[in-house]
């Protein structure tokens, strides 16, 4: 074999070797990519898991009424607020009509006992003040009598107190003061309009039995 034949063989081997090495590198690269995509928590699987978790969180906070109550900052009477936690409850109508109208009912706890208080204000001006009280009365409640009120309050919600800037509104303005409210969670809403009406009728019944005309 002469030197020319040897040189020609070397030249023909080089392209084959290059193609072989290139093909091997491609195969290894593809194998690595397939391996990485099959590892939990990487690639497309990770995007899918994140979306699933996000959707679950959204449904827990806003997808149903139970979730919205849990995260809205509202306190439910009978659950977060127990019967023995209640210190005061105010139910007030205050209207600037002609003539003005003012009626307030108040339940409160004092030295372990519960009391019912009501007052009516009358006059030719607005707002009516304590000087305009025309009828009022106070009555100590038995446990059974207070329970009648509590049953109607139970199930209602208390949330953060906010400013009411609307003009001409007559209410009722409802506020519940309870142990642990930290002067924040006080604004009350009845569970239903029917319970609100029944509460008002019960107050009217007790008020009629304890009326005292102001001097």
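None of the figures in this text is laboratory data; all of them are computed from the coordinates on show. Computed from a predicted model, the values in this text were never measured in an experiment. Note that we place each Cβ from the backbone using ideal geometry, even for glycine, and neighbour counts take in every protein chain shown.
Points to keep in mind about this one:
- Stretch gain in nm, segment residue 204-residue 175, where the contour uses 0.36 nm per residue and the Cα spacing is subtracted: 8.6 nm
- Computed from the Cβ-Cβ distance with R0 of 30 Å, the FRET efficiency linking residue 191 to residue 125 stands at 0.25.
- Potential lengthening of the chain between residue 139 and residue 80 amounts to 18.5 nm, from the contour at 0.36 nm per residue minus the alpha-carbon distance.
- Using the alpha-carbon positions of region 103-215, Rg (one decimal) and Dmax (whole number) come out as 15.0, 40 Å.
- Residue-span extension gain [residue 160 to residue 115] - 0.36 nm each, minus C-alpha spacing: 13.7 nm
- Nitroxide proxy distance, nm - points 7 Å out along Cα→Cβ at residue 95 and residue 183: 3.3
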